[in-house]
1. In segment 31-57, which residues are among the small types (Gly, Ala, Ser) and either surrounded by 10 or more Cβ atoms within 10 Å (Cβ to Cβ) or modelled with pLDDT of 90 or more (or both)?
2. Might you check whether a residue that is surrounded by fewer than 10 Cβ atoms within 10 Å (Cβ to Cβ) and of a type in the set (D, E, K, R) occurs anywhere in segment 1-12?
Amino acid sequence: MGPKFWELIIVLAIVILLFGPSRLAGLGGAVGKAMREFRDATKPEEPKGPAPEKGTGEKT
């Protein structure tokens, strides 16, 4: 069986007592920044030059 609700609450309380709320907030911010940078790094790069013009052929 997985952890029950009260077990998770107790573990969360112990973590808050050990690290403190300010340190947990900083850790959360660092994790969020790392996830954002990872997502940006895995996106395919878009061409940075000017877009090609449409309809460059001559009209008849």
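The values are calculated or read from the model by the stated rules, or taken from the named source; none is laboratory data. On a predicted model such as this, the values are computed, not experimentally measured, just so you know. Backbone-built Cβ (ideal geometry, glycine too); neighbour counts: all protein chains shown.
1. GLY32, ALA34
2. Within segment 1-12, one or more residues are surrounded by fewer than 10 Cβ atoms within 10 Å (Cβ to Cβ) and of a type in the set (D, E, K, R).
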